Amino acid sequence: MTLGTDDRIALGDLVARYALYADRRDIDAMAGLFTGDAVLVLPSAPEELDPVRAFTGRAEITATLSVLNAIPVTFHALVGQVFDAGPGPGTATGEIACVAHHLTERDDGRTSDLVWNCRYTDAYRLDGGTWRIARREQRIDSIETRPVRRRRNG
């Protein structure tokens, strides 16, 4: 099985919407990108950079993604994406490279940018004619902390 152009465009849109919804804090929309039985496996940063914590189903995924609400500003830049046909009909896999910026206020009142250079290993499934994430594993390649000179409010 091969992926057609329409499938590749739809999968690219799916992963771009995940990043966009994260930055907009639209957690319900993010969770809606997953299948009902999806699994999201995340690292326990900064101690663990490999995926070690699994969340199953939209309710658990929504709850864990809600931690984004505590971060004043994020910016997720997708820097690479590759999609392949999956093992069966209506399935696909993907490898997504991302630079995730997390702007936070420090105790001294200054702003820091916590940068995660990460990769997502994804499995996708057609669900009612729409591509959704069936499994997503996040790996962090490196973590940086950068000072922020100025940021826009709101």
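The values are calculated or read from the model by the stated rules, or taken from the named source; none is laboratory data. Quick caveat: nothing in here was measured; it's all calculated off a predicted structure. Quick reminder, even Gly has a Cβ in these numbers, built from the backbone with ideal geometry, and neighbours come from all protein chains shown. In case anyone asks, the SASA skips ligands and DNA or RNA and just uses the protein heavy atoms, side chains included. Shrake-Rupley method; radii C 1.70, N 1.55, O 1.52, S 1.80 Å.
For residue 127, put the label point 7 Å out on the Cα→Cβ axis and report which residues of the stretch 1-34 keep their amide N under 12 Å from it.
So the set is 29-34.
Please report the equivalent ellipsoid semi-axes of the stretch 54-118, computed as sqrt(5 x eigenvalue) of the Cα gyration tensor, largest first, in whole Å.
Calculated on Cα positions only, the semi-axes equal 31, 17, 7 Å.
For the stretch 20-61, what class follows from the C-alpha gyration tensor (a ≥ b ≥ c being the square roots of its eigenvalues): rounded when a/c is under 1.5, otherwise prolate if a/b is larger than b/c, else oblate?
Note, shape of the stretch 20-61 comes out oblate.
I need to check one value: relative contact order of the chain, counting alpha carbon pairs closer than 8 Å and at least 6 residues apart, in percent.
23 percent
May I ask for the percentage of alpha-carbon pairs in the stretch 1-84 that lie more than 14 Å from each other?
It works out to 70 percent of all Cα pairs.
Counting DSSP beta bridges in the chain, what percent are antiparallel, to the nearest 5?
For the chain, the DSSP antiparallel bridge percentage is about 90.
Given the peptides 66-78, 16-28, arrange them by the average over their residues of other C-beta atoms within 10 Å, most packed first.
Descending packing order for the listed peptides: 16-28, 66-78.
Where the accessible area of the stretch 78-120 is counted over protein heavy atoms with a 1.4 Å probe, how much of it, in %, is carbon and sulfur?
54 percent
Compute for the chain: radius of gyration divided by Kirkwood radius, i.e. Rg/Rh, restricted to C-alpha atoms, rounded to two decimals.
Checking Rg against Rh, the ratio lands at 0.99.
Which length gain, in nm to one decimal place, applies between residue 119 and residue 103 when the Cα-Cα distance is subtracted from 0.36 nm times their residue separation?
Gain on stretching residue 119 to residue 103: 3.8 nm.
Using mean Cβ contacts within 10 Å as the protection proxy, how do 51-58, 1-8 order, highest first?
Highest-to-lowest ranking by the protection proxy: 51-58, 1-8.
Compute the distance in nm between two label points, each set 7 Å from the Cα along the Cα-to-Cβ direction, one at residue 25 and one at residue 6.
About 3.8 nm separates the two model spin labels.
Mind ranking 118-130, 30-42 by how tightly packed they are, going by the mean number of other C-beta atoms within 10 angstrom, highest first?
Packing order, densest peptide first, comes out as 30-42, 118-130.
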